Structure formats: C-alpha cells, structure tokens
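Remarks on the structure that follows.
Quick note: the coordinates plus some simple rules give every number you see, no bench work behind them. These numbers were taken from a predicted model, which means no experiment stands behind them. Glycine also receives a Cβ, built like all others from the backbone with ideal geometry; neighbour counts cover every protein chain displayed.
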C-alpha cells in the first residue's frame, strides 16, 4: 500500500489543504486522486446519478451532502456506474449504502457513514460549485488526493514519483 499523502505533504506542504479526518474508507481502492468535479445536494442524489454516468477518467467526484446521514447519496448501482465510466473515486460529505458491495469495487470511496435509506429523486442539486466541509473549500478543477491517511486538496496537480 502506498502512503501517498505523507509524501505529498512533505514535498508540497505549502500548496495543500488537509480535510479534517472525518471520513471512512469504503471502496476497494485505498489510494486515488484526480481532478475534482463537485456537486452539492441534500438527500437527493439525482445529480450524482447524472455525473457518474459521464466519463470520469482522471476525475474524483466530490459530493457535499451537508453532512446529512438520514439518506445515502450513493449505493452499489451508482458506484458500479462510476467504475464503468472510469471515475477514480468519490468523496461524500454524507452517507453511502450497500457498503459490502462497494467494498469489492475498483473505486476509491470515502464517506462519513452508511445509511440503508435511499434518497428521493427530485432533480435537485448544484454541479460545479465550490463546496465547503471538513474545514476546506473545494473548487471544481482542484486536485484531490486520498489514501488511508486522509484527504488533501490542491489548486494544481502535484508531482510525486508514484503518480
């Protein structure tokens, strides 16, 4: 396993912001990184569904669910779609469901918790907007790096021999 974040912090400490350590790992990929695509939605994963259906190679989907844990913003079907479309990972400021199935998928997934309840589908949410949670504002087009040590964000891509 690659401990990517400590190396990136040592090499680029002045260029990175570290998210508060609130997130748990759920996907089979422990290390992931890519260009950020953001979505802000509360208890409605319609926009998440739309985004994971698009090409995601080299991208990480950052979902700000406001920290709400009453409904899951991603389950196994959306995670499978993300894998099929090449997404590197998903970070959810909220809950997921189907954690057992997602744990076997080749996708990086970090979320606050699990909740078995699905969301309502009302077509609500904002895409490509700045989101703020875990002490950091994340902008569309930022670069996110994650491993078992946590999550960091930078305004530009970072260099590292393993990347």
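Some notes on this structure:
- Beta bridges assigned by DSSP with both partners in the stretch 4-154 are antiparallel in approximately 50 percent of cases.
- Bins of 5 Å, starting at 0 and running to the largest distance - Cα pair percent for the stretch 50-110: 4, 21, 33, 26, 13, 3, 0
- Correct option for Cα Rg over 2.2 N^0.38 Å [calculated from the coordinates] among (i) 1.05; (ii) 0.99; (iii) 0.94: (iii)
- Theoretical gain in end-to-end length, residue 117 to residue 77 [0.36 nm per residue, Cα-Cα removed]: 13.0 nm
- Just checking the listed ones, 35, 88, 120: in the Gaussian network model of the chain with Cα springs under 10 Å, the one fluctuating most is 120.
- Mean residue ellipticity (222 nm) of the chain, computed from DSSP H runs ≥ 4 via -39,500 (n - 2.57), nearest 500: -4500 deg cm²/dmol
- In percent, rounded to a whole number, the relative contact order of the stretch 4-154 is 36, using alpha-carbon pairs under 8 Å and six or more apart.
- Here 159, 46 are placed in order of increasing Cβ neighbour count within 10 Å, fewest first, which gives 159, 46.
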